[in-house]
């Protein structure tokens, strides 16, 4: 599994270098992860959750509402992608995100 995560580390590190929540292409990243044939489902989910954690890592107490909303929107894209691999887990993430 560690080897599988290394495949996606470069993409995540590239996003981190010049991080701008509005320019991060989460859908493309998730599509790329899901398309990998020889990568376990657990590793795919781990890679997408790492990206999700990275998005939230860049939010700070001084973040604008637009940045918070964009982060939440991109998290939903990630959780929907996870749902294509593990329906119950994806549904769980989506339902928890909707709770106040």
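The values are calculated or read from the model by the stated rules, or taken from the named source; none is laboratory data. This is a predicted model, so every value here is computed, not measured. As a convention, Cβ positions derive from the backbone with ideal geometry for all residues, glycine included, and neighbour counts pool all protein chains shown.
Just need a number here: residues in the range 80-100 that are part of a loop (DSSP other than H, G, I, E, B) and in contact with a helix residue (DSSP H, G or I) (Cβ under 7 Å, 6 or more places away or on another chain).
Residues flagged as part of a loop (DSSP other than H, G, I, E, B) and in contact with a helix residue (DSSP H, G or I) (Cβ under 7 Å, 6 or more places away or on another chain) within the range 80-100 amount to 1.
State which residue pairs qualify: first residue on the phi < 0 side of the Ramachandran plot and touching a residue at least 12 places away in the same chain (Cβ under 8 Å) and inside the range 59-75, second residue surrounded by 10 or more Cβ atoms within 10 Å (Cβ to Cβ) and part of a helix (DSSP H, G or I) in any location, beta carbons under 6 Å apart, and separation of 6 or more residues or different chains.
59/71; 71/55; 74/26; 74/55; 75/52
Can you pull out the residues in the range 57-76 that are surrounded by 13 or more Cβ atoms within 10 Å (Cβ to Cβ) and farther than 15 Å from residue 90 by Cα?
58, 59, 63, 67, 68, 70, 71
Identify the single condition in (1) surrounded by 15 or more Cβ atoms within 10 Å (Cβ to Cβ); (2) over 14 Å from the mean Cα position of the chain (by Cα) that residue 35 does not satisfy, given that it satisfies every other one.
With (1) surrounded by 15 or more Cβ atoms within 10 Å (Cβ to Cβ); (2) over 14 Å from the mean Cα position of the chain (by Cα) applied to residue 35, the lone miss is (1).
Which ones in the range 48-68 are modelled with pLDDT under 90 and in a loop (DSSP other than H, G, I, E, B)?
58, 59, 60, 61, 62, 63 - these are the residues of the range 48-68 that are modelled with pLDDT under 90 and in a loop (DSSP other than H, G, I, E, B).
Show the residue pairs meeting these rules: Cβ distance below 9 Å; 6+ apart or different chains; first residue within the range 13-29 and more than 16 Å from residue 50 (Cβ to Cβ); second residue at pLDDT below 85 and surrounded by 13 or more Cβ atoms within 10 Å (Cβ to Cβ).
Sorted first by the residue in the range 13-29, then by its partner, the pairs are 23/15.
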